[in-house]
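Notes follow the structure.
Each reported figure results from applying straightforward, stated rules to the coordinates on display, with no laboratory input. Everything numeric in this text was worked out from a predicted model, so none of it was measured. Note: ideal-geometry Cβ built from the backbone for every residue, glycine included; neighbour counts use all protein chains shown.
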Amino acid sequence: MDCPSANGRPLAYFITWSCYGTWLHGEEKGSVDRRHNRWGDTYLPADRSRKSVELGRMRQPSYQLDGARRRIVLETIINQARYRGWTLLAVHVRSMHIHAVVQAGLAPERVMNVLKADASRALNQAGLDGADCKRWTRHGSTRYLWRNTDVIEAIEYVIRKQGEPFEVFEAKREVL
């Protein structure tokens, strides 16, 4: 049986954010903006002039995570979730974006912002980038997962449907 949350709160959040400059409005692969960001909405169509404007606004080249940076980001997310008492169900740190499925008592936007800040701090401490390096897009995607099947599908997507695995964490199934 697929039981919805009994207390009116979501069972978990599916949070995604991308690296700075790696997914611009107007690109062929499509994008979302404030007016096109509901579940089931289609992506914005490709638009060369919009992409050109986006490129012109960039203050540095796009940022991508290499192997060392991906490992630092994954380790930081795991440690910070544990420290803050959140239940981390799945994480996949890719070269250009991060997916996380997490249970937390905060709003998902706050969780995402905390993880971004903690990951940036850890990367600064590792000395891999300058402190003024812009690593992340301004926002990201924060989906509420209300049913067990939603949580399971999000975990499956994060862990197994991203192509070649990079830096991955998956909680033991008994946590679900």
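What translational diffusion coefficient, to the nearest whole µm²/s, does the range 67-176 have by Stokes-Einstein, given a Kirkwood radius computed over alpha-carbon pairs, a temperature of 37 °C and 0.692 mPa s viscosity? Roughly 227 µm²/s, to the nearest whole number.
A simple packing score, the average count of other Cβ atoms within 10 Å per residue, orders the peptides 144-154, 9-19, 123-133, 160-170 as 9-19, 144-154, 160-170, 123-133, with the highest score first. Divide the volume of the convex hull around the Cα atoms of the range 54-107 by the residue count and you get 114 Å³ per residue.
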